[in-house]
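The values are calculated or read from the model by the stated rules, or taken from the named source; none is laboratory data. Treat the numbers as computed from the prediction; the structure is a model and nothing was measured. Every residue, glycine among them, receives a Cβ derived from its backbone with ideal geometry; neighbour counts consider all protein chains shown.
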Amino acid sequence: MSELPSAVLFSCTMNSVRSPMAEAIMKFLHGHHIFVDSAGVRSKEIDGYAVAVMDEIGIDLSRHHAKTFEDLTDTYFDIVITLSPEAQHSAIELTRVMACEVEFWNTMDPSLIESEDREVVLDAYRAVRDQLMQRIKDRFPLRSQSDT
């Protein structure tokens, strides 16, 4: 198992669905062992469907405040994980002069689902949540009690 990074940034287009979900999942799984933040190319208020599906698994997103790359108070990260093509471009620019790894996890934007059926929309958000949960667990394995 590789060492866990000390700081991870998740980024997407608006910092209102995917990157806040990923940030919250990472914090839920790794607590205070890793500094985690999220940002978007642009910012938009947190998405209510994202709050709802994260609440289903006991993670509160309601207090998330969206921010852009320019709003970051700290730009030292070991890894920047981008969840949209637009964020990938911005992350490459941000890290051009940094010793930082950039990974692209192309993740569907569930806010693009157009349906009048609330369950159809929620299922799209759940699918993204579950995909992010699995990718984070695979990429950043949980420490055993003996490792802490």
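Taking the criterion of being of a type in the set (S, T, N, Q), within 22 Å of A124 (Cα to Cα) and either part of a loop (DSSP other than H, G, I, E, B) or in contact with a strand residue (DSSP E or B) (Cβ under 9 Å, 6 or more places away or on another chain) (or both), the residues of the range 88-111 that qualify are N106, T107. Has the range 75-87 got at least one residue that is polar (S, T, N, Q), over 24 Å from L142 (Cα atoms), in a helix (DSSP H, G or I) and modelled with pLDDT of 95 or more? No, that holds for no residue. Against the numbered list (1) closer than 17 Å to V8 by Cα; (2) not in a strand (DSSP E or B), Y49 comes up short only at (1). Scanning the range 14-42 for residues that are touching a residue at least 60 places away in the same chain (Cβ under 8 Å), assigned to a loop (DSSP other than H, G, I, E, B) and surrounded by fewer than 22 Cβ atoms within 10 Å (Cβ to Cβ) gives a single hit, I34. For the range 80-97, a residue qualifies if it is within 12 Å of A22 (Cβ to Cβ) and of a type in the set (A, V, I, L, M), and the qualifying residues are V80, I81, L83, A87. Among the residues of the range 110-148, the ones that are surrounded by 14 or more Cβ atoms within 10 Å (Cβ to Cβ), touching a residue at least 60 places away in the same chain (Cβ under 8 Å), over 12 Å from the mean Cα position of the chain (by Cα) and closer than 19 Å to M21 by Cβ come to 7 in all.
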